[in-house]
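Some notes on the structure that comes next.
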Amino acid sequence: MKDSTYRSQVLVCGGTGCVSSGCQEVMDALENELSSNGLADEIKVVQTGCHGFCEKGPLVIVYPKGVFYCQVEPEDVEELVAEHLQNDNIVDRLLYKDPVTEESISNYEEIDFYQKQQRIALANCGHIDPHEIEDYKEQDGYQALKKTLTELEPEEVIDEVKDSGLRGRGGGGFPTGMKWQFARDAQSDKKYVICNADEGDPGAFMDRSLLESDPHRIIEGMVINAYAIGADEGYVYVRAEYPLAIERLQRALDQANEAGVLGENIFDTDFSFELHIKAGAGAFVCGEETALMASIEGERGMPRSRPPFPAQKGLWGEPSNINNVETFANIPDIILKGAEEFSSVGTENSKGTKVFALTGKINNTGLVEVPMGISMKEIIYDIGGGIGDDKEFKAVQIGGPSGGCLPEDKLDLPIDYDSLIEAGAMMGSGGLVVMDEDTCMVDVARFFLNFTQSESCGKCTPCRIGTKRMLQILERITEGEGKEGDIKLLRRLAKNIKSSSLCGLGQTAPNPVLSTLRYFEDEYKAHIYDEECPAGACQALLGAYVIDEEDCVGCTSCVDVCPVDAIEGEKKEVHTIDPEACIVCGSCVDECPTDAIFQE
Amino acid sequence: METITLKINDQEVEVEAGATVLDAAEKLGFDIPTLCHHPDLEEHGSCRVCLVEDAQSGSLMASCITPASEGMEIELDTELVEDARKMNIELLLSEHPNDCMTCDADGNCELQSLAYQYGISNPAFGTMEKAQFAIKDKNPFIQFNPNKCILCGKCVRVDNHIQCSDAIDFANRGSESVIATPLEEGLGGEHSNCVFCGQCVEACPTGALSYKPAQGKGRVHEFEKVETTCPYCGVGCQLELRVKDNQIVQVGSIYDKDHPNPLGEACVKGRFAYDFVDHPDRLSKPLVKKDGELQEATWDEALDYVAEKFSEIKDEDGGAALAGLASAKCTNEENYLFQKFMRGVLGTNHVDHCARL
């Protein structure tokens, strides 16, 4: 962003990631330092939304040069102000360092993490002040809505969205334009538009980021949708665990109402649209659209059978269109720049870009937006900077608890809705968890099943009880108690839970098990038949801990840390571990200063 | 009326728009197992044993909640259907104690019938070995054993939508889900709206909900079923007395749209207040006080005595000296006759009725 009244602007990332790493203190320190140096009138400090590179937060960008500083702490501020803002010298030690060449990079666009990204939904994130509607307007904000209301018929809007090829970004990938058409075709005096911001996949935070960083974009997308289907009321269903997103969205709603781009007679036309925020109460299942609507109605968040689909009978029995945050974030661009430009990016059946939350055993973690069709390899190695600690890549889990784990030979797979499903994973909401050689795939399946079984709403038999039975089998395998027939039973359970569950949660819950069985069945077998965990991750399958007599210096650190008093030894004498009492927790290994403790 | 034509197991059937696949299959005489479905209740679709296969997509659907649509082709007996139904029954059994031998619902348990029908003698995940929940019965009428509950939600729907008490609902999530009362106080607790209509017990497909006074007193195959009119008020609810050895063990519901209580409704009196029938103090012959003591008399003696005393009072002090209190146990017609008799024959306007209180 540019503001000519100031000679320089300092953008401090204020996404939840950077808030956690202390950006508020950096912001306060900056403001104090500028005031005490009499620079407050020359240099403006702006808190933006998420910049995506959470790994390196708190992030600070200094304009006009656009110098990108990472991991800035309050103690760095004095130097930053004195050197950069007063003497125009870049502070090299705070710049991003290329992990391979170790060269400093001052312009963020030249950093690998950003280079291969293509930002449409996240275009404004980290660059504008989410608190100010004017900042959004400066980036052509609400121009798409103006065009919609003053130049386009509702059918034309829907045709444009259909032509763009946009598919639902919440995971299902249903063509958005078709969904809008169904809602438009439904006959009713009352219709609703709902934004699903009940982001619940572990590790995924693109919806939160969008709402925190660019809330007006979502509002604009929703109003365009309302005009297209003939709705006059809407809800944004945000999980209550996102207080910052709710606060910024509420502020944006108030500003939009004030500015006449929301509420009565938008842009002085006959079209009116009222938008509310509904805070969810923490149930993962409320991300399922029918459970979400039940929750808005004040009912227990339990999914309802489809058909009838929400487009026919949705919120309070009225036709409703429900889309994900990221889906709405793409709408203004499609309307303003046209379907053709949007669909020029991506693959034949998956157009545009997708935002992924990149985490796990990888060098660069954070939020990335990439064109559809990019390979997993490019995301992991070019953007993500490869695997950390010189470890080998093992698998990537894509799509959260509903998705699957893909092995190395699938890394060249182009990322689009259909190829992912074919490979046994799914786009899901866009979680990407990278795993290295130390990760046990049975344990990964157990982790995700533990999540889905505890987040099942408990309504239908296969999801409520079936996922619990699956979890019990996985638990016993990782504890070395696996039995002959367990793999067969897991497959039978998985097949039936998928085919007979009531909603998407149950229908996709077995995917982590099925995909790990598909690509890593040997690991299951090693646990069951050889009582071994090839990754060395399942504690129960590892041998007892032993202390090397040569290396032990008799410091008693291990004796002190052992939670079950299994280690004996006097100071300066070799210690011993009682294998019967040892629970193989590993605390002694972490504590030992001479690495004298190992597993047999 | 718009109709829909579909095929089930290659047989064509025509149903009214809005009918479900289950309705269509039943019209053709097919028997699809269900646990959470009840024709009088809002559909729930949770048990997943009424699954059928859509031949066009190869996917499974719960027939009780899937609307029939034009041109649909449904298969009932495929391997996919059979295995999914069987597995869902096995999953329910894994969370259910195997104590049919001592269960009051033996012979009247839909889960037991399905396990029998599908020949599940050795369920893949076993059965519940140790009780997971405490039994809840801090009230005189209804016992809830959550260990036997299959969470079909029929009790919740009958309570919320037919009796409209909102006394019970689902609580917790996932495998921790249970049917609960407000603040875990139990039925009849301080914040409970339960009126003890007993309809939840009637709706329960297993032995999770049972009538406390009937426990251990007999099971379905031992009962003689007697259809009767409730003796308590003028509504005339039709009830089913379940009788063993000439003693009423429990009072059940009858579902008949021509009845004054078409959905099997009852009140606490109709459902539970039947022990007067065989009570030793119950009057079975008229008594007349002679020489200061009540003595058995014939009806002629008793009625003549009453008529004589009424006439005496009327002659001496006028009809207004008499008053009549009628009972809600009488029918409307009987109550009409009563007031007519009091006014027309005895000449008094002093007529009252216990239901006015």
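Using only Cα atoms, find the angle between the long axis of helix A:154-164 and the longest principal axis of chain A, and express it within 0 to 90 degrees, rounded to the nearest 10.
40 degrees
What does the charge count near A:Pro130 come to, summing +1 for each Lys or Arg and -1 for each Asp or Glu among other residues with Cβ under 9 Å from its Cβ?
On the way: positive: A:Arg248, A:Arg251; negative: A:Asp129, A:Glu132, A:Asp135, A:Glu212, A:Asp214.
Computed value for this residue: -3.
Which residues of segment B:157-186 bury at least 30 Å² of accessible area once all protein chains are present, versus their chain alone (1.4 Å probe)?
Output list: B:Phe170, B:Arg173, B:Gly174, B:Ser175.
Suppose every Lys and Arg Cβ carries +1 and every Asp and Glu Cβ carries -1, with no other charges. What dipole size does segment A:8-115 come out with about its Cα centre, to the nearest 20 debye? Mind showing how you got there, number by number?
Numbers: 5 positive and 21 negative charges, 69 e Å.
Charge dipole of segment A:8-115: 340 debye, to the nearest 20.
Could I have the simple spin-label model distance between A:Gln472 and A:Glu134, label points 7 Å from Cα toward Cβ, reported in nm to one decimal?
6.4 nm
Can you give me the angle between helix B:299-317 and the longest principal axis of chain B, using Cα atoms only, in degrees from 0 to 90, rounded to the nearest 10?
So the inclination is approximately 60 degrees.
Once Lys and Arg get +1 and Asp and Glu get -1 on their Cβ, which of A:Val396, A:Gly385, A:Gly430 lies farthest toward the positive end of the dipole of segment A:353-436?
A:Gly430
Name the shape class, rounded, prolate or oblate, that the alpha-carbon gyration tensor gives for segment B:131-272, where a ≥ b ≥ c are the square roots of its eigenvalues, rounded holds for a/c under 1.5, and otherwise prolate holds if a/b is larger than b/c and oblate otherwise. Please report the intermediate quantities before stating the final value.
On the way: a/c = 1.92, a/b = 1.46, b/c = 1.31.
It is prolate, given that a/c is not under 1.5 and a/b is the larger ratio.
Spin-label point model (7 Å from Cα, Cβ direction): what's the A:Glu392 to A:Asp185 distance in nm?
Taking the two extended label points, one gets 5.3 nm.
Taking only protein heavy atoms into account and a 1.4 Å probe, give the accessible area per residue of segment A:543-599 in Å².
Working: 3520 Å² over 57 residues.
Each residue of segment A:543-599 exposes 62 Å² on average to a 1.4 Å probe.
Report the local net charge at B:Gln112: Lys and Arg +1, Asp and Glu -1, summed over other residues whose C-beta lies under 14 Å from its C-beta. Display every interim value, and only then the final one.
On the way: positive: B:Lys148, B:Arg219; negative: B:Glu90, B:Asp99, B:Asp104, B:Asp106, B:Glu110.
Summing Lys and Arg as +1 and Asp and Glu as -1 gives -3.
Over segment A:548-600, what is the relative contact order in percent, taking alpha-carbon pairs closer than 8 angstrom and at least six residues apart? Kindly include the intermediate steps, with their values, before the conclusion.
Details: 76 pairs, mean separation 21.4, N = 53.
Once divided by the residue count of segment A:548-600, the mean separation gives 40 percent.
Can you give me the C-alpha center-to-center distance between segment A:119-154 and segment A:494-571, rounded to a whole angstrom?
For segment A:119-154 versus segment A:494-571, the Cα centre distance is 49 Å.
Among B:His191, B:Gly236, B:Ser177, flag the residue with its Cα farthest along the positive direction of the charge dipole of chain B, charges on Cβ as +1 for Lys/Arg and -1 for Asp/Glu.
Among B:His191, B:Gly236, B:Ser177, the one farthest towards the positive end of the dipole of chain B is B:His191.
Using a 1.4 angstrom probe on heavy atoms only, work out the carbon and sulfur share of the accessible area of the protein assembly as shown in %. Let's see the in-between values first.
Values: 19620 of 42730 Å².
Carbon plus sulfur share of accessible area: 46 percent.
For the Cα atoms of chain B, what angle does the longest principal axis make with the long axis of helix B:79-94, in degrees from 0 to 90, nearest 10?
Taking the Cα atoms of chain B, the angle to B:79-94 is about 50 degrees.
Taking only protein heavy atoms and a 1.4 Å probe, what accessible area per residue, in Å², does segment A:353-436 have with all protein chains in place? Each step should come with its number before you reach the end.
On the way: 2320 Å² over 84 residues.
Dividing the accessible area of segment A:353-436 by its residue count gives 28 Å².
Roughly how many Å² is the accessible area per residue of segment B:181-286, as a whole number, for a 1.4 Å probe?
It amounts to 52 Å² per residue over segment B:181-286.
If the viscosity is 1.567 mPa s and the temperature 4 °C, what Stokes-Einstein diffusion coefficient in µm²/s follows for segment A:441-529 when Rh is the Kirkwood radius over Cα pairs? Could you put the intermediate results ahead of the total?
Values: Rh = 12.6 Å.
After rounding, the answer is 103 µm²/s.
Run the paramagnetic zone check for A:Ile90: 7 angstrom along Cα to Cβ, then residues of segment A:42-79 with backbone nitrogen under 18 Å.
A:59-72, A:79
What does the helix-only formula give at 222 nm for chain B: each DSSP H stretch with n ≥ 4 adding -39500 (n - 2.57), the total divided by the residues, and the result rounded to the nearest 500 deg cm²/dmol? Before the final figure, lay out the partial values.
On the way: 8 runs with 73 residues, N = 357.
Taking each H run of at least 4 residues, the total per residue is -6000 deg cm²/dmol.
Rounded to the nearest 5, what % of the DSSP beta bridges within the protein assembly as shown are antiparallel ones?
Details: 71 of 105 bridges.
Of those bridges, close to 70 percent are antiparallel.
Grab the beta carbon distance between B:His279 and B:Glu224, set R0 = 25 Å, and tell me the FRET efficiency rounded to 0.05. Show your work: numbers first, answer last.
Values: r = 20 Å, r/R0 = 0.81.
E(calc), rounded to 0.05, equals 0.80.
Any lysines with Cα under 19 Å of the A:Lys391 Cα? List them, leaving off those in the same chain fewer than 8 positions away.
A:Lys361, A:Lys377, A:Lys410
To the nearest 20 Debye, how big is the dipole of segment B:131-272 about its Cα centre, given +1 on the beta carbon of each Lys and Arg and -1 on that of each Asp and Glu? Let's see the in-between values first.
On the way: 15 positive and 17 negative charges, 62 e Å.
Dipole magnitude for segment B:131-272 comes out near 300 debye.
So what is the relative contact order for segment A:441-529, in percent, with contacts set as C-alpha pairs under 8 Å and at least six apart?
38 percent
Counting other Cβ atoms within 10 Å, which trypsin sites (Lys or Arg not before Pro) in segment B:257-325 have at most 12 and lie in a DSSP loop? Display every interim value, and only then the final one.
Values: sites: B:Lys257, B:Lys269, B:Arg271, B:Arg282, B:Lys289, B:Lys290, B:Lys309, B:Lys314; in loops: B:Lys257, B:Arg282.
Sparse-neighbourhood loop trypsin sites (Lys or Arg not before Pro): B:Lys257, B:Arg282.
Just name one of B:Gly344, B:Ala320, B:Thr331: the one whose Cα is farthest towards the positive end of the charge dipole of segment B:287-356 (beta-carbon charges, Lys/Arg +1, Asp/Glu -1).
Of the listed residues, the answer is B:Thr331.
Around A:Gly424, under 15 Å between beta carbons, what's the net of Lys plus Arg minus Asp minus Glu among the other residues?
Values: positive: A:Lys410, A:Arg491, A:Lys495, A:Lys498, A:Arg518; negative: A:Glu408, A:Asp409, A:Asp416, A:Asp418, A:Glu422, A:Glu521.
Its environment carries a net charge of -1.
How big a patch of accessible area, both sides summed and in Å² to the nearest 100, lies buried between A and B at a 1.4 Å probe?
Numbers: alone 24870 and 20460 Å², together 42730 Å².
Heavy-atom accessible area buried at this interface is about 2600 Å².
Using a 1.4 Å probe and ignoring any ligands, DNA or RNA, find the accessible area of A:Asp214 and quote it in Å² to the nearest 10.
Accessible surface of A:Asp214 is approximately 0 Å².
Once you keep just the Cα pairs under 8 angstrom separated by 6 or more residues, what percentage relative contact order results for chain A? Each step should come with its number before you reach the end.
Numbers: 1280 pairs, mean separation 66.8, N = 600.
Relative contact order for chain A comes out at 11 percent.
Where a ≥ b ≥ c are the square roots of the eigenvalues of the C-alpha gyration tensor, would you call chain B rounded, which needs a/c under 1.5, or, failing that, prolate if a/b is larger than b/c, or oblate? The partial results should precede the final answer.
Values: a/c = 2.81, a/b = 2.04, b/c = 1.38.
Since a/c reaches 1.5 and a/b is larger than b/c, the shape of chain B is classed as prolate.
What residue among B:Phe144, B:Phe272, B:Phe170 has the largest mean-square fluctuation in a Gaussian network model of chain B, using Cα springs under 10 Å?
It is B:Phe170.
Return the loop-located GluC sites (Glu not before Pro) in segment B:1-57 (DSSP other than H, G, I, E, B) with at most 16 other Cβ atoms within 10 Å of their own Cβ; answer none if there are none. Walk me through the intermediate numbers first.
On the way: sites: B:Glu2, B:Glu12, B:Glu14, B:Glu16, B:Glu26, B:Glu42, B:Glu43, B:Glu53; in loops: B:Glu2, B:Glu42, B:Glu43.
Qualifying residues, ordered by number: B:Glu2, B:Glu42.
What is the magnitude of the charge dipole of the protein assembly as shown about its Cα centre, with +1 placed on the Cβ of each Lys and Arg, -1 on the Cβ of each Asp and Glu, and no other charges, expressed in debye to the nearest 20? Each step should come with its number before you reach the end.
On the way: 84 positive and 168 negative charges, 667 e Å.
Dipole magnitude for the protein assembly as shown comes out near 3200 debye.
Comparing the chain by itself with all protein chains present, which residues of segment A:451-480 are at least 40 Å² less accessible (probe 1.4 Å)?
A:Lys459, A:Thr461, A:Arg464, A:Ile465, A:Lys468, A:Arg469
When chain B is modelled as a GNM with alpha-carbon springs shorter than 10 Å, which of B:Leu294, B:Leu241, B:Leu151 fluctuates the most?
B:Leu294
Loop-only check: which GluC sites (Glu not before Pro) in segment A:445-507 are DSSP coil with at most 11 other Cβ within 10 angstrom?
Working: sites: A:Glu455, A:Glu475, A:Glu479, A:Glu481, A:Glu484; in loops: A:Glu479, A:Glu481, A:Glu484.
Answer in residue order: A:Glu484.
Per DSSP H run of at least 4 residues, take -39500 (n - 2.57); add these up for chain A, divide by its residues and hand me the 222 nm value, nearest 500 deg cm²/dmol. Before the final figure, lay out each step's value.
Numbers: 21 runs with 207 residues, N = 600.
Result for chain A, helices only: -10000 deg cm²/dmol.
Step through the residues of segment A:400-406 one at a time and calculate ³J(HN,Hα) from phi using the Karplus curve (6.51 cos²θ - 1.76 cosθ + 1.60, θ = phi - 60°), rounding each to whole Hz and writing x for Gly and Pro.
Each residue's phi maps through the Karplus curve to give x, x, 8, x, x, 9, 10 Hz.
The values are calculated or read from the model by the stated rules, or taken from the named source; none is laboratory data. Values in this document were obtained by computation on a predicted structure and should not be read as measured data. Note: ideal-geometry Cβ built from the backbone for every residue, glycine included; neighbour counts use all protein chains shown. The protein model used for the area step is the full one, side chains on, heavy atoms only, and it has no ligands, DNA or RNA in it. Shrake-Rupley method; radii C 1.70, N 1.55, O 1.52, S 1.80 Å.
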